[in-house]
Every structure is written in C-alpha cells, then in structure tokens.
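As structure tokens, the structure follows; a few thoughts come after it.
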Amino acid sequence: MEILEIETRPIEGQKPGTSGLRKKTHVFMSPHYLENYVQSIFDGIGGVGGKVLVLGGDGRYFNAQAAQVILRMAAANGAAKVIVGVGALMSTPAASHLIRKRGTDGGLILSASHNPGGPEEDFGLKYNMPNGGPATEGVSDRIHAATQTLTRYKIAETADVDLSAPGQARLGRMEIEIVDPVEDYAALMEELFDFDALEALFKGGFSMVFDAMHAVTGPYAKAILEGRLGAAPGTVINAEPKPDFGGGHPDPNPIWAKPLVDRMMSEDAPDFGAASDGDGDRNMILGKGIYITPSDSLAVLAANAHLAPAYEGGLKGVARSMPTSAAVDRVAEAMGISCYETPTGWKFFGNLLDAGRATLCGEESAGTGSDHVREKDGLWAVLLWLNILAASGKSVAELMEAHWQRYGRNYYSRHDYEDVDAGVAGEMVEELREQLGTLPGQKVGGLTVESAEEFAYDDPVDGSRSERQGLIFGFEGGGRAVIRLSGTGTVGATIRLYLERLETDPAKLGDDPQEALAPVIAAAEALAGIKARSGRDGPNVIT
Ligand code: VG1
Ligand code: CO
C-alpha cells in the first residue's frame, strides 16, 4: 500500500452548517473536494494517528465511493481502526450508539439527512465526537479553519475494500471491522423498551404503518418491528434504501410523506403511523385521523416516558430548541424538572445530556431523542410511542386530547420559504435585527408587539456562547413568531418562520392550527414581508 501526499489548495465554502457540510453531490464529487474536507476533519480534531473511528452513511448516491475514499485517507493518516457498516450503511443514531458502545474516537457519517439524494441533488458529511454527538461549534470551527489553510492531503493508493458482508479487512496497518449496522442498535432498543408488551400489542391486532421513505431506517424498522415485535409483514413500507430515495425528499413531514398522511386520515387507517428521514434521526408520528406535531410529540413523550422501562425512574430534565413550541415546558413545570432552551441543531444538547441535566430532548423539525445516544433518533421515538400506547391502553388521539385538556394546546406551525435569493433573505434578517429595539409597543397586522429579541445561548455546562440564533417576536395575547435562516440547504436561502400560540380554553382545543394561528401569521407577514420580498404567494412547506 503506497501512501500518497497530494498537494491541494483551500476550497471556498467548506463551512459546516447546522449539521455537517452539505453541498450538491457534484460539488462533493469534484476534484479534491471530499478529500480536502476529510483531511480538514482529521487535522481539525488533532489528527487520527492511532485512533479508532466509526464510518457509515444513509446510502445516498456517492455514499459507497465516498466511504472508500475515507477508508484510504484514514489508513494514510495512521488510524488504527475503522468500524464500518455493511455496504457503508449506518443510520445516524446507530452510528452514535456504536461510537459510544465501542468507546471510539468519533465517527464520520455520510449524509445530507432529509435533503434529496442523487447526482443532481445533495450530499453531506458530518463528524461526530467521542461522546457520539455532532461536532460542537468549537470543533466545527477548527475543522472549518483547517479547510482554509490546507496545502496537502494523505491518501493510500489501493483497491476498494469489500464491504458487502460482515467481517475483517485491512488497509496497510489499519484494521477494518465490517459490522451489521442493525444488530447493536436493535439490542439497545430491546434494553430500553418493554418488547414483550409491544409484541403483545401487535398480537392483539394493533396495526401500524412505518414509512422508511426509501432511506436508511428501512432495514432497522423491518428487523425490529416486523422481525422482533411481530408486526404484520408489510408494516414497513418503502423499506429498501435507495440512492435517490425513490426521487423524493426523505423528509418525514406532511408534504413529503403525504401518502402516509392521506392513509392515516382515511377511513381504514391503521392505529399508528410513522415515518423517518434519510439518515434515520427524525420521526413523524400519526394516529388514526390525527397528525402529531413534533413539539406536541416531545411534550407527550416527556409526560408519559415513565411508562417505558428505561425512563421509569423519571426524567432528569428536558431540553428543546428555541423554535420548538413551549408545550414541553408546561410538562416540565408540572413535573418540577428543568427545561432548557437551546439553539437549533442537536449539537447543543450534547453537553446537557453528558452532564446528566436532561434525559429527553427535541426539536420542532421532527427530532426527538434521549440520553441513550447523542443524536436524535427516529425509530427510538416510534418505539417509545408504541410503549406508551401499550402501557396506557389509549389511542394516539386519546392521549393527545387528554394532554391538551390537562396542559393546554400550543398551536404550532412552521412555514418554510425555500430557495429564496440569499441576498434578499440576508437583508430581511439584517433589517429586522436593526428594528428590534423599536418594535415593542408597535401594532403590526392587528397585533401589538410585546417583545423583540435575537436569541443567544450560554451553554450552562461549558460556558460557551452562541449568538445570532434566530429572531423572536412576542405578541400581546401570547403569540410568538420566530424567524431564522436554515443552515442545511444547498441552494439559495431557506427562510423558516415558526408560529405558536397557547390556547387553554377547553372549548377551543380542536381548531385547525392554520386558523388558530391566523393572527400571528398575519402579524409576522406584516413585520417581515416575507411574501413580498421573496415574490412568493406562500410557503413551500407547512409543517
Ligand atoms: C434543520 C432543522 C434542525 C435540525 C437540522 C439537522 O436545520 O431545522 O432542527 O437539527 O436540520 O437535522 P436548519 O438549519 O435547516 O433549520 V437532519 O435530520 O437534517 O441532520
Ligand atoms: Co436526519
């Protein structure tokens, strides 16, 4: 095996966003692009000499080739060992678990998550740390700094490693262990949940459909739901990971998983419906005739987690990203536990989980997770829901209704304006930022602004500060609008407008969210003029 040292130059724009680096696939496939970034990750974390890494991905186009490049570069940079999933596949939560279980020095995950895949679509790469969680802002900054000064990368010249079955291989002195990506993860789920009760649930005729959206969770869901728990064959649909996710966005929301939503709203809907995203860390939950917003799901899970074995001792605390609704705050208050509000992105939960301050975390973007790993975990959320349904004997709708009756309902919606001109979006945020001081007291679109601020986060564990994490507008009467720009897109800018209003009147808990939020939506538009500025009639995606 010959080790080559290739001369290179820094490439513009290799700055990790909310979750790793995401670019168009052809950009990642262009000369030196992937290699430069991988070497920068290695350099940014202080080298990989003698280290053990986990490697896997969501199976999108270029996944297999990129994994071979990473293996060759890890060998050339002196890594001791790489643990890789068969076919270079591994869901994000499974990778997080494996990093922790084996005590490795971190891992590389090939994924652009919910972004579409294929030669014309998106690719991504993220580095997870030895705690199994996404690189913190500090580590991401060091990786980015390394991309800006890079002059060479190291790569071994050798044939591809056969990753088609579990086993051992070598690249020079580097050991490669090829593992079944599902096995350890399934064993962890069995530890956390009452599998006997879940088996009995399905035996008793409980029906569900799980839409894997042609992404990485298919094999996991099939093995656990149909294999271990005895759910009817065919419960998991779109179960085979495809390089282009069947041509759609592997994003479990009412737009991209519409066929599932339609089925759950039909007369002959099964008892439970769920979907997960490209890399398996997001989830969507539905019951017969009801869609559960991710914010509500987090609140229901927090209120009922004690019904599952892993959480029967109670929760240490909960955490949610700032744009996520305050539904879980009300549960935490009733339980007398802490509730943390973090910036968007799972990397901000890591310290809280490591320090034992939070047990459950969640984001409005369909991410929920707990301290069992350091990533959000789609299938875990589905199993926790199932465990709660089995233990309580209630339906999804009954649980949700009872929850709203007790805690009130945080009406919630997110409106996305995708692929807006980046200059236009940036200017909008800049102008709003300048007005923050003068907005309180002003009437906009029928509502009076009560507060206007930009979110900044002081990490209570390591003291680091993260600024400019979203603009928050509070309205008289309790409505809230949040505006921030996405950090996961690959073309133009995506403006995210998050809308929320708490309703505690028992007579008004069953309204349509868009109607219940209409005054807040109107006020946000009057304030920011997103439609006018972007030239759009309305959002592309409403969740
Ligand atoms: C989005 C979501 C955020 C999530 C992130 C990564 O980020 O809003 O909540 O953590 O994606 O999730 P942004 O910057 O586009 O709003 V995943 O499943 O795409 O890794
Ligand atoms: Co994801």
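The values are calculated or read from the model by the stated rules, or taken from the named source; none is laboratory data. All values reported here derive from a predicted model rather than from experimental measurement. Because the Cβ atoms are built from the backbone with ideal geometry, glycine has one as well, and the counts that use them run over all protein chains shown. Quick note on the areas: whole protein, heavy atoms, side chains included, nothing else; ligands and nucleic acids left out. Shrake-Rupley method; radii C 1.70, N 1.55, O 1.52, S 1.80 Å.
Give the percent of DSSP beta bridges with both residues in the chain that are antiparallel, rounded to the nearest 5.
Bridges in the chain are about 70 percent antiparallel.
Out of Gly106, Phe28, Gly85, whose Cα points farthest toward the positive end of the dipole of the stretch 2-181 (charges: +1 Lys, Arg; -1 Asp, Glu; placed on Cβ)?
Gly106
Which one, Ser451, Ala507, Gln469, projects farthest toward the positive side of the charge dipole computed for the stretch 409-542 from Cβ point charges (K/R +1, D/E -1)?
Ala507
When only C-alpha pairs under 8 Å and at least 6 residues apart count, what is the relative contact order of the chain, in percent?
13 percent
List the GluC sites (Glu not before Pro) within the stretch 256-341 that fall in a DSSP loop (any state other than H, G, I, E or B) and whose Cβ has at most 14 other Cβ atoms within 10 Å.
For GluC sites (Glu not before Pro) across the stretch 256-341 that sit outside H, G, I, E and B with at most 14 neighbouring Cβ atoms in 10 Å, the list reads Glu267, Glu312.
On a full-extension model of 0.36 nm per residue, what is the gain between Glu267 and Arg465, subtracting their alpha-carbon distance, rounded to one decimal in nm?
Full extension of this stretch gives 66.2 nm more.
Count the lysine pairs in the stretch 2-181 whose Cα atoms sit under 13 Å apart, keeping only pairs 8 or more residues apart in sequence or on different chains.
Count of close lysine pairs: 4.
First compute the accessible area of the chain with a 1.4 Å probe, then give the percent of it belonging to carbon and sulfur atoms.
For the chain, the apolar C and S fraction of the accessible surface comes to 47 percent.
Tell me, what HN-Hα J-couplings in whole Hz come from the Karplus equation 6.51 cos²θ - 1.76 cosθ + 1.60 at θ = phi - 60° for each residue of the stretch 178-192, using x for Gly and Pro?
Running phi through 6.51 cos²θ - 1.76 cosθ + 1.60 with θ = phi - 60° gives 9, 10, 5, x, 8, 3, 5, 5, 4, 5, 5, 4, 5, 5, 7 Hz.
So which trypsin sites (Lys or Arg not before Pro) in the stretch 434-543 are both in a DSSP loop and have at most 15 other Cβ atoms within 10 Å of their Cβ?
Filter output for the stretch 434-543: Arg468, Arg536.
Among residues other than Asn77 whose Cβ falls under 10 Å from its Cβ, what is the net charge (Lys/Arg +1, Asp/Glu -1)?
Taking every other residue near Asn77 into account, the sum is +2.
Can you list the GluC sites (Glu not before Pro) in the stretch 77-168 that are in a DSSP coil and have 13 or fewer other beta carbons within 10 angstrom?
The qualifying sites are Glu120.
Computed from the mean reciprocal separation of all distinct C-alpha pairs, what Kirkwood hydrodynamic radius does the stretch 409-542 have, in Å?
15.6 Å
Between Rg and the Kirkwood Rh of the chain, both from Cα atoms, what is the Rg to Rh ratio?
When Rh is taken as the Kirkwood radius, the ratio is 0.96.
In terms of modelled amide H atoms, which long-range or inter-chain residues lie less than 5 Å from the amide H of Val444?
Val449
Output wanted: per-residue J couplings in Hz (rounded whole) for the stretch 410-416, from phi through Karplus 6.51 cos²θ - 1.76 cosθ + 1.60, θ = phi - 60°, x for Gly and Pro.
Working through the residues one at a time gives 8, 4, 8, 7, 10, 10, 9 Hz.
DSSP beta bridges in the stretch 277-421, what fraction antiparallel, as a percent rounded to 5?
Around 50 percent antiparallel, to the nearest 5.
Would you mind estimating how fast the stretch 313-389 diffuses translationally, via Stokes-Einstein at 4 °C and 1.567 mPa s with the Kirkwood radius over Cα pairs, in µm²/s?
Rounded, D is 105 µm²/s.
Rolling a 1.4 angstrom probe over the protein heavy atoms, how many square angstrom per residue are accessible across the stretch 390-496?
45 Å²
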